[in-house]
Amino acid sequence: MNKFWSPFVDSLEPYVPGEQPREGEFIKLNSNESPFSAAPAVIEAIKAAADGALQLYPEAESSELRGVVADYYGIKPEQVFVGNGSDEALGHAFNALFKHDSKKLVYPDLSYSFYPVYAGLYGIEVETIPVTEDFRINIDDYCALDSTEISSIIFPNPNAPTSVALTLDEIERLLKAQPDILVAIDEAYVDFGADTAIKLIQDYPNLLVFQTLSKSRSLAGLRVGFAFGQAELIQALVCVKNSFNSYPIDRLAQAGAIAAFKAEDYFQETRQKIIQSREKLTNDLTALGFEVLPSAANFVFATHPEHQAEDIALALRQRKILVRHFKIARCTPYLRITIGLEEECEALVKALKDYLSA
Ligand SMILES: *Cc1c(COP(=O)(O)O)cnc(C)c1O
């Protein structure tokens, strides 16, 4: 630690993102990005927005975008918060909503590895609940929590890195059972096979939902994400945002995001292709002896009973294919593999055959 550092910086444990190698060097199946480029209409909209107005600040509240997204989901603009990626929206929620003296935040032992990072940054006390033997979130565990001790719950649906989804009925059961606990559902992967909880926000003042354009809308590079909830929850996020950076979404991102919600055909087509590739890859991996969890996401979580996941990841790397291996308890036998283009998945299967038969 340098003497000029604020002391708390030394105690932080920052998030480590998936490796981003030079373009074209590797087949990238390690960061759950879309293998498809953004919709052509999005690129056009960004080019048009770059033309002439970049000397001006963007519109601070992303009003037009919030209107478009609210229409898309049949909710009101004041129920939509826009952030610089959903990571930023999540960060504001940790600060503005999950931080309560003497009450804890709860999430599964296996879930998005940014949650503990934000909890550390904002000094939030956390309790984790183990996922079941078969890597499911058991909603009864959360229904049984004591609201005098717990302020909030967060988990991804589908969960990451396990890829397993809960039904909307299970989520609604939790919302009903815990009216005094804020329930946050991180839907980064919802478009690949789960049901969004956005339709429940009218009925549940304790529900907050996060989504992102990074995965299913092929826009990880644009950095746009959302939080959805009743207006009073969103106001807390806006309040923190405007105390931190009042212009999180730049002009190009606003224009691109608006266009993304209008490019419905492209969205449906690319989303369906990924779902199809996932089913094929799951079959191919199973045929090679892998156990693959039932995925509702754009990645699979797979283990091979006879081979160390770390060794497989290394062997794939030597064959110019990147997958993700988490060296954390319970995850070590598993690889998280992002669904790529059909030919990328084929290259992966070929490389695995090669390695497993050697
Ligand atoms: C990818 C991801 C996010 C963050 O996405 P952004 O790119 O910041 O929008 C949030 N939650 C989960 C579970 C993710 O996998």
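Just to be sure, is Phe98 assigned to a helix (DSSP H, G or I), assigned by the TED database to the domain that holds Ala257 and farther than 30 Å from Leu341 by Cα?
no
What number of residues within segment 327-346 are surrounded by fewer than 17 Cβ atoms within 10 Å (Cβ to Cβ) and either in contact with a His (Cβ under 9 Å, 6 or more places away or on another chain) or of a type outside the set (Val, Ile, Thr) (or both)? Spell out how you get there, then give the answer.
Of all residues in segment 327-346, those surrounded by fewer than 17 Cβ atoms within 10 Å (Cβ to Cβ) come to 327-330, 332-333, 341-343, 346.
With either in contact with a His (Cβ under 9 Å, 6 or more places away or on another chain) or of a type outside the set (Val, Ile, Thr) (or both) added as a condition, the list becomes 327, 329-330, 332-333, 341-343, 346.
The number of residues fulfilling the criteria is 9.
Of all residues in segment 26-59, count the ones that are within 30 Å of Lys320 (Cα to Cα) and in a loop (DSSP other than H, G, I, E, B).
Of the residues in segment 26-59, the ones within 30 Å of Lys320 (Cα to Cα) are 26-40, 43.
If we keep only those that are in a loop (DSSP other than H, G, I, E, B) as well, we get 26, 30-39.
Summing the residues that are within 30 Å of Lys320 (Cα to Cα) and in a loop (DSSP other than H, G, I, E, B) in segment 26-59 gives 11.
Of the residues Asp191, Asp180, only one is touching a helix residue (DSSP H, G or I) at 6+ places or on another chain (Cβ under 8 Å) and in the same structural domain as Ile258 (by the TED database); which?
Details: Asp180 fails: touching a helix residue (DSSP H, G or I) at 6+ places or on another chain (Cβ under 8 Å).
Selected residue: Asp191, the only one of Asp191, Asp180 that is touching a helix residue (DSSP H, G or I) at 6+ places or on another chain (Cβ under 8 Å) and in the same structural domain as Ile258 (by the TED database).
Which pairs turn up if I take residues in segment 303-324 that are under 16 Å from Phe290 (Cα atoms) and look for partners that are among the basic types (Lys, Arg) and assigned to a strand (DSSP E or B) with beta carbon separation below 8 Å, at least 6 apart in sequence or on another chain?
Partner pairs satisfying both residue conditions: Ala313/Arg324; Val323/Arg336; Arg324/Arg336.
So, in segment 202-212, exactly how many residues are crowded, with 23+ Cβ neighbours inside 10 Å and more than 7 Å from the ligand (Cβ to nearest atom)? Steps first, please.
Start the filter on segment 202-212 by keeping residues that are crowded, with 23+ Cβ neighbours inside 10 Å, which leaves 207-212.
The next check asks that each one be more than 7 Å from the ligand (Cβ to nearest atom); those that pass are 207-209, 211.
Selection size over segment 202-212: 4.
Scan segment 182-191 and tell me whether some residue there is under 20 Å from Tyr112 (Cβ atoms) and away from the ligand (no atom under 16 Å from the Cβ). Steps first, answer last, please.
Taking segment 182-191 first, the residues under 20 Å from Tyr112 (Cβ atoms) are 182-191.
Among the residues that remain, those that are also away from the ligand (no atom under 16 Å from the Cβ) are: 182.
Yes, because at least one residue in segment 182-191 is under 20 Å from Tyr112 (Cβ atoms) and away from the ligand (no atom under 16 Å from the Cβ).
Pairs needed: first member in segment 107-131, closer than 13 Å to Gly91 by Cβ; second member anywhere, within 16 Å of the ligand (Cβ to nearest atom) and β-branched (Val, Ile, Thr); C-beta distance under 8 Å; at least 6 residues apart or different chains.
From residues that are closer than 13 Å to Gly91 by Cβ, the pairs are Tyr115/Ile154.
Could you list, in sequence order, the residues of segment 98-130 that are more than 18 Å from the chain's Cα centre (by Cα) and either over 19 Å from Leu233 (Cα atoms) or modelled with pLDDT under 95 (or both)?
Passing the criteria: Asp101, Ser102, Gly120, Leu121, Gly123, Glu125, Val126, Glu127, Thr128, Ile129, Pro130.
For Thr167, which of the numbered conditions (1) closer than 17 Å to Ala296 by Cβ; (2) surrounded by fewer than 21 Cβ atoms within 10 Å (Cβ to Cβ); (3) touching a residue at least 40 places away in the same chain (Cβ under 8 Å) fails to hold?
Just one mismatch for Thr167, condition (3).
Does Leu237 satisfy the condition of being within 16 Å of the ligand (Cβ to nearest atom) and touching a helix residue (DSSP H, G or I) at 6+ places or on another chain (Cβ under 8 Å)?
Details: within 16 Å of the ligand (Cβ to nearest atom): yes; touching a helix residue (DSSP H, G or I) at 6+ places or on another chain (Cβ under 8 Å): yes.
For Leu237, the condition - within 16 Å of the ligand (Cβ to nearest atom) and touching a helix residue (DSSP H, G or I) at 6+ places or on another chain (Cβ under 8 Å) - is met.
Filtering segment 60-87 down to residues that are within 16 Å of the ligand (Cβ to nearest atom) and assigned to a loop (DSSP other than H, G, I, E, B), which residue is farthest from the chain's Cα centre (by Cα)?
Ranking the candidates gives Ser62 first.
Given the conditions (1) more than 15 Å from the chain's Cα centre (by Cα); (2) more than 18 Å from Glu88 (Cα to Cα), and given that Arg251 satisfies all but one, which numbered condition is not satisfied?
Arg251 satisfies all of (1) more than 15 Å from the chain's Cα centre (by Cα); (2) more than 18 Å from Glu88 (Cα to Cα) except (2).
Any idea how many residues of segment 258-317 are more than 30 Å from Val69 (Cα to Cα) and of a type in the set (S, T, N, Q)?
Total satisfying the criteria: 5.
Can you name every residue in segment 228-271 that is out of contact with any strand residue (DSSP E or B) (no Cβ under 7 Å at 6 or more places or on another chain) and small (Gly, Ala, Ser)?
Going through segment 228-271, the residues out of contact with any strand residue (DSSP E or B) (no Cβ under 7 Å at 6 or more places or on another chain) turn out to be 230-232, 235-236, 239-247, 250-271.
Listed by number, the residues that qualify are Ala231, Ala236, Ser243, Ser246, Ala253, Ala255, Gly256, Ala257, Ala259, Ala260, Ala263.
The values are calculated or read from the model by the stated rules, or taken from the named source; none is laboratory data. Since we're looking at a predicted model, the values are computed, not measured. Virtual Cβ from ideal backbone geometry, glycine too; neighbours counted across all protein chains shown.
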